[in-house]
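> Mind looking over this structure? Questions follow.
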């Protein structure tokens, strides 16, 4: 119970860390502008004698000799000390006043046919006030007239630049991480002889999605022009999407599609929930999705929503590929272990045959002597001695012919091998097996389960000191689609277990689980069962019932 609570706490803590990290990074990617535009509340034409004539913004009058324009706006009272007033000027004589005090004056006359706008940045005291701007054109008006005055706490737009950088760098960093993960998976599989060539499609897609956005966002500052033109080509992203599509179409693994379907449904449900919340609160997400969907259906251009969908697919496919590769590596190792077990059984059976052959040669020589003795007993008429000698010869014949336990070839070989090992270690071996020859179950799984089971039982029984009896009793029976296996052996207790009640072994050192037990549990789970283990002071019992397909 304590371990389960600890696992739940760890999972919850990890989830909170993920959410906290995402929220922290989102602060750097989200840019909320601090700029507030001023509205001119009054505008006048001031004549040479100082008279002010108001006019409408729809029709700005032409100035006469000695005349100029005056514009007035209200600076909000919540303006902080250190905020800035920003506007652009070109070909203008201008004076700016705040509450009647002059804070700026200049005259800017640009030469040439095109004027370059110059930006004016004026620090303001806090508290607001009335802003008055008096200006007179010195040539052809350029840009916006009257000047577009605005208030901001970030005149250099540093936050906007950082947010713009993170808009490209965070997705690129994410796809770069998955690019490295996919490369690691590919080389790991290649190293273990399980090359997944389809991963090259995802690797290409991740590389394209990493390079293309950075090239579009900052490429001209960091890349040569030829390389920039190549990587910023729209088809780089298009080919990345096609590579992801090809990866999906090449997958024939049903488990992969089930996982992908589940993740897709969960992601769609989460996005829908966020969309509804954003729609109800008037947030940015709902408007963004609506506009992107309209653009997608009206133009069909690959951008926006499809761009993020491709990123999501690459990320999900990378994680699912990691799971798929892990399963393949596990299966490969299981097959290798099963093959090693088969080879060991074959070698031991071969050694047993050699031993039997040597024993037969010895007995054949002995039989010649026994036949001579039988002739003498028969000629002497000693019936009792003759019967005793015949019984002795029958025992010799039994030793020459190993016991047939079952019709199933693999199970019979495993049991014969176990009986021979038990005899060598002076362990009484009892077994019954009712299994048909055509049992539809993988022989590798049978070897993994039965050999580990009997090895552990014989080894444990061989450690029991006299005068206690050393014995192993194994029963195997197939009935109504289930293969029931039970093995009871004497052992030198007490049994050591961990916090979860699982037995510990001394083979790999104190406090470690035996590999054999883990392999047996894996086989039981594969056939929709479990390995049940129980013990008392003198006997150890392991049993399971495999559901045979």
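> Output the number of the condition that residue 93 fails; it satisfies all remaining conditions of (1) part of a loop (DSSP other than H, G, I, E, B); (2) at pLDDT 85 or above.
Exception for residue 93: condition (1).
> Could you grab me the full set of residues in the stretch 434-477 that are surrounded by fewer than 22 Cβ atoms within 10 Å (Cβ to Cβ), within 40 Å of the chain's Cα centre (by Cα) and under 14 Å from residue 544 (Cβ atoms)?
441, 445, 452, listed by residue number.
> I'd like to verify a number: residues in the stretch 195-213 that are surrounded by fewer than 16 Cβ atoms within 10 Å (Cβ to Cβ) and touching a residue at least 12 places away in the same chain (Cβ under 8 Å), how many?
The number of residues fulfilling the criteria is 1.
> State whether one or more residues within the stretch 484-492 are surrounded by fewer than 16 Cβ atoms within 10 Å (Cβ to Cβ), under 22 Å from residue 527 (Cα atoms) and at pLDDT below 90.
No: the stretch 484-492 contains no residue that is surrounded by fewer than 16 Cβ atoms within 10 Å (Cβ to Cβ), under 22 Å from residue 527 (Cα atoms) and at pLDDT below 90.
> Suppose we filter 189, 261 for residues that are closer than 19 Å to residue 323 by Cα and modelled with pLDDT under 80; which single one remains?
Of 189, 261, the one residue that is closer than 19 Å to residue 323 by Cα and modelled with pLDDT under 80 is 189.
> Moving on. Looking at (1) surrounded by 10 or more Cβ atoms within 10 Å (Cβ to Cβ); (2) under 30 Å from residue 123 (Cα atoms); (3) at pLDDT below 85, which is the one condition that is false for residue 20?
Evaluating residue 20 over (1) surrounded by 10 or more Cβ atoms within 10 Å (Cβ to Cβ); (2) under 30 Å from residue 123 (Cα atoms); (3) at pLDDT below 85 leaves (2) as the failure.
> Kindly indicate whether residue 425 is within 30 Å of residue 464 (Cα to Cα), exposed (fewer than 12 other Cβ atoms within 10 Å of the Cβ) and at pLDDT 70 or above.
Taking the combined requirement at face value, the residue does not satisfy it.
Conditions tested, residue by residue: (1) in the same structural domain as residue 151 (by TED's automatic domain parsing); (2) surrounded by 11 or more Cβ atoms within 10 Å (Cβ to Cβ); (3) over 21 Å from residue 155 (Cβ atoms).
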position	(1), (2), (3)
59	yes, no, yes
68	yes, yes, yes
89	yes, yes, no
102	yes, yes, no
105	yes, yes, no
117	yes, yes, no
124	yes, yes, no
129	yes, yes, no
134	yes, yes, yes
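> Would you confirm, using the coordinates I've provided, whether residue 197 is closer than 18 Å to residue 311 by Cα, in the same structural domain as residue 310 (by TED's automatic domain parsing) and modelled with pLDDT under 85?
no
> So how many residues does the stretch 407-416 have that are in contact (Cβ under 8 Å) with a residue 24 or more places away in the chain, part of a helix (DSSP H, G or I) and surrounded by fewer than 23 Cβ atoms within 10 Å (Cβ to Cβ)?
Looking only at that region, the number is 4.
The values are calculated or read from the model by the stated rules, or taken from the named source; none is laboratory data. Only a predicted model underlies this, so the values are computations on that prediction, with no experimental measurement involved. Every residue, glycine among them, receives a Cβ derived from its backbone with ideal geometry; neighbour counts consider all protein chains shown.
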